[in-house]
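Quick notes on the structure that follows.
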Amino acid sequence: MDTPSKTRYDVFVENLSRDVFFFIFILLLLSFYRAAFLFNFRGLLLPDTPSADLWLTMWYGLRISLKTAGALFLPSFVLGTLAKQIWLAWPAEKVRNIWAFICIFGLSLLFQARIPYYHEFNNAFSPFVFNTLHDDVGAIISTSVMQYGAVWRILAAAAMAAVFGWCFRGWIKLADQPAHALKMLPWKKTAAVCLCVLLAASAVYVRHGGSWGYEGSIYWKNAARMNQHLLNEAILDDIQALYKASRIYKQFAASSSDIDVSAVREAAARLQGRTSYQEDSLLPFLTRQASGAAIDKPRHIFLIVAETYMLWPLWEEYASLPIAQGMREIINRPDSIFVRHFLPASNGTMFGLTSVLLGLPEVNLLTANRPSARQPYETALSVQLKKQGYKTRFFYGGFSSWENVGIFMDSQQMDESFYYADFGGEGGVWGVEDKIFLQGIAEKITPEPSFNLILTSSNHTPLVVDMSKEPEIMNEKEAAAFIPSSASDKDLLRQRLQHFQYADKYLSEFVLEMYKQYPDSLFIITGDHADRWTLNPNPSLYERLAVPLVILGRGINKDMLPSDAAGSHMDIAATLLELILPKGETYYALGHSLLNGNCCGLHAYYWLGRGVLGELSSEKHEILPGAEDISLEEDKQIRSILHDEQTVTAWRVLHGLSLAVENE
């Protein structure tokens, strides 16, 4: 307790010294967790990574963590040093210690969360984390407990916080030494002024990440300074990674929601190559005339969205990896086409499913849960194929309550929908096992023409299929042979390989069996998303993000697909309708047929075009294997097209078709 003989200056320097030591402790703790993160994933580093790169990563990380430590220092300073100056009886030390433990526990908990999140998403934290509350929270909690040990990780975070909290109690006592030296200064008023000036200057330096201005600063937009993804992710501490994710998420959400009707008219005009768009509805803009059926009208249409079915296992360099043999067999058939340059709508299942069904891009507005989705979308495949005489069905081995998918499908004129209870088999928290699920679907298909939208689920964590009952799936020893020695969690990677092979086996068997029974049917297969895992410790952005698009059916041939065809989920609807509708038939779409020269793809955060993959939030892009870079002018042109498509979509989702009333 402070004695009455202490001056306000004495109290000021004592508390300021402790706050500074708190700041240093937090900075050291962030650096420790950064080093621990790198150590945990050391197997993902390139074999010849120089130690200088590791030290440079730690240095850049230390600089950007100045911002985090500074942000956490501020409450301690306000509630400690400043509050004590106003009221000398204020328990500043107690408040500071409580705040310190909250920070230490919070950082320890984030560190424990970061490890499994990086295993799953190959990022420290991404914008996708903010969609969690809109997903099936119960299933996510079950997954966290069953697959990633959430309980023991929380306990581990508490234990780490206890240890570091004890260390902090000893560390903070060291602050008394500089405080004592400052109290001995003869010119205390001058010293107080100098300390305040130094504090203000330090705030500027900390605010800019170890620089006196923005020119030399380091922040989330320019922190990726290394040549390896892992090192760039390590530079951002957990607070900065979450801040980056939130800024990107808000940026895209704001750009989608903060639009007026004039911007929509301008976007529609540019997309149509017109000088203006004067119509009072978007319906004319979305209206298309079919160029003429490329195949005979199929009896059944199967549109399959496969859980976490990524593109890279189908690459030639992974030909010896037996996890996608079934899909390879389908791709190698003469009556199939394989789109190699294809992006999902975003990083989540519902985003992909919504985009595939509605033919619209994902614009971070949770389209399926918006009031507009309670009415049928004119672009929805179910709505349009129903008019063509097809019975429309949706099959999902999970629960109708997930993402309100049951209500959404009913609103989009699905004649029938089937969920977990309709298949009577065992499954995990995300749904019935694919083997039972797909067998159940096969039993429900009748000769009556039908459109069948199918969403699988077994290739989703927690990975619970009992592989001992699947003799045709790699056993543990066989799977282990394909796992890099550098992998940080070999058991999880082994499970992933087995479950991918399991999902591929039963999906391909289902497709080929249905094709055998109904040879006049059409099959379209894609993945809901990728960006979960790879065998490559340093995958390219495209390797992480891309999903396949495979089309199989009578009349399909490989010459149908242009060599530069590229697209995304939003283009599936137009591709399908152009395949089967007679010449001049009216349909509604925003996407474009991949068979008619479409060469751009739109993801919620990325874009694909003519051999390059770029970020929507920056000017960065990477060149795909075997492709050439594009000009700056073409880059801008593609970005403009995709931005306009997002603008039109956002208006349709938020306000409907009408353009007659200004956005309020």
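Computed from Cα atoms, the angle from the helix 150-173 axis to the main principal axis of the chain rounds to 20 degrees.
Applying a 10 Å radius around every beta-carbon, put 55-67, 264-276 in order of their mean neighbour count, most first. Don't jump to the answer; show the numbers that get you there.
Values: 55-67: 20.2, 264-276: 15.6.
Order by mean packing, descending: 55-67, 264-276.
Surface composition of segment 297-383: carbon and sulfur atoms hold 49% of the protein heavy-atom accessible area at a 1.4 Å probe.
Full extension of the chain between LYS250 and MET560 gives 107.6 nm of extra length, using 0.36 nm per residue less the Cα-Cα distance. In plain terms, the chain from ILE24 to ARG340 could stretch by 108.7 nm, reckoned as 0.36 nm per residue minus the Cα-Cα distance. Here the 3J(HN,Hα) profile of segment 296-307, calculated from phi with Karplus coefficients 6.51, -1.76 and 1.60 at θ = phi - 60°, is 5, 4, x, 5, 10, 10, 10, 10, 10, 9, 8, 4 Hz, Gly and Pro shown as x.
When a 1.4 Å probe is rolled over the protein heavy atoms, the share of accessible surface on segment 401-514 that falls to carbon and sulfur comes to 48 percent.
Computed about the Cα centre, the dipole magnitude for the chain is approximately 2400 debye when only Lys and Arg (+1) and Asp and Glu (-1) carry charge, each at its Cβ. Between the listed residues SER468, GLN498, TYR605, the Cα displaced farthest toward the positive end of the dipole of the chain, a dipole computed from Cβ unit charges relative to the Cα centre, is found at TYR605.
Which of the residue pairs LYS94/LYS221; LYS386/LYS435; LYS444/LYS469; LYS391/LYS435; LYS435/LYS620; LYS583/LYS636 have a Cα-Cα distance greater than 31 Å in the structure shown? Before the final figure, lay out each step's value.
Values: LYS94/LYS221 37 Å; LYS386/LYS435 28 Å; LYS444/LYS469 25 Å; LYS391/LYS435 24 Å; LYS435/LYS620 42 Å; LYS583/LYS636 34 Å.
Exceeds cut-off: LYS94/LYS221; LYS435/LYS620; LYS583/LYS636.
Can you tell me the convex hull volume per residue for segment 457-498, based on C-alpha atoms, in Å³ to the nearest whole number?
Details: hull volume 3.0 nm³, N = 42.
Looking at segment 457-498, the number lands at 70 Å³ per residue.
Across the alpha-carbon set of the chain, the Rg to Rh ratio works out to 1.04, Rh being the Kirkwood radius. Surface analysis of the chain yields an accessible area of 42 Å² per residue, using protein heavy atoms and a 1.4 Å probe. Could you check what % of the DSSP bridge pairs in the chain are antiparallel, to the nearest 5? Just about 50 percent of them are antiparallel.
The gain in end-to-end length when the GLU472 to TRP59 segment is fully stretched comes to 143.7 nm, 0.36 nm per residue minus the alpha carbon separation.
Name the GluC sites (Glu not before Pro) in segment 419-470 that are in a loop by DSSP and that have at most 15 other C-beta atoms within 10 Å, would you?
Working: sites: GLU426, GLU433, GLU443; in loops: GLU426, GLU433.
When the GluC sites (Glu not before Pro) of segment 419-470 are filtered for loop state and at most 15 Cβ neighbours within 10 Å, GLU426 remain.
Taken one residue at a time, the phi angles of segment 381-389 give Karplus couplings (6.51, -1.76, 1.60, θ = phi - 60°) of 4, 4, 5, 6, 6, 4, 5, 8, x Hz. Gly and Pro are set to x. Rounded to whole numbers, the Karplus 3J(HN,Hα) couplings from phi for segment 238-248 are 5, 5, 5, 5, 5, 5, 4, 4, 5, 5, 5 Hz, using 6.51 cos²θ - 1.76 cosθ + 1.60 with θ = phi - 60°, and x at Gly and Pro. Angle of helix 261-272 to the longest C-alpha principal axis of the chain, folded into 0 to 90 degrees and rounded to 10: 50°. Distance from the alpha carbon centroid of segment 278-344 to that of segment 387-464 works out to 19 angstrom. Computed from Cα positions, the angle between helix 188-207 and the longest principal axis of the chain comes to roughly 10 degrees.
Given the DSSP H assignment, sum -39500 (n - 2.57) over each helix run of at least 4 residues in the chain and divide by its residue total; what's the result at 222 nm in deg cm²/dmol, nearest 500? Kindly include the intermediate steps, with their values, before the conclusion.
Numbers: 22 runs with 311 residues, N = 664.
After summing the helix terms and dividing by the residues of the chain, the value is -15000 deg cm²/dmol.
What does the highest-first list of 506-515, 231-240 look like by mean Cβ count within 10 Å? List each step's numbers first, then the result.
Working: 506-515: 19.8, 231-240: 23.9.
The densest-packed peptide leads the list: 231-240, 506-515.
Treating cross-link reach as a plain straight distance, find the aspartates and glutamates whose alpha-carbon is under 18 Å from the alpha-carbon of LYS84, omitting any fewer than eight places away in the same chain. Output for LYS84: ASP2, ASP10, GLU14, ASP19, GLU93, ASP176. Determine which residues of segment 446-483 fall in the zone a paramagnetic label at MET146 would reach in this model, i.e. backbone nitrogen under 15 Å from the point 7 Å along Cα→Cβ. The answer is 457-467, whose backbone nitrogens lie closer than 15 Å to the label point. Take the Cα of ALA660, step 7 Å toward its Cβ, do the same at ALA200, and the gap between the two points is 6.0 nm. Ranked by the mean number of other Cβ atoms within 10 Å per residue, highest first, peptides 444-451, 350-357 order as 350-357, 444-451.
The values are calculated or read from the model by the stated rules, or taken from the named source; none is laboratory data. Keep in mind it's a predicted model, so treat the numbers as computed, not measured. Cβ atoms come from the backbone with ideal geometry, glycine included; neighbour counts cover every protein chain shown. Keep in mind that these areas ignore ligands, DNA and RNA; they rest on the heavy atoms of the full protein, side chains included. Shrake-Rupley method; radii C 1.70, N 1.55, O 1.52, S 1.80 Å.
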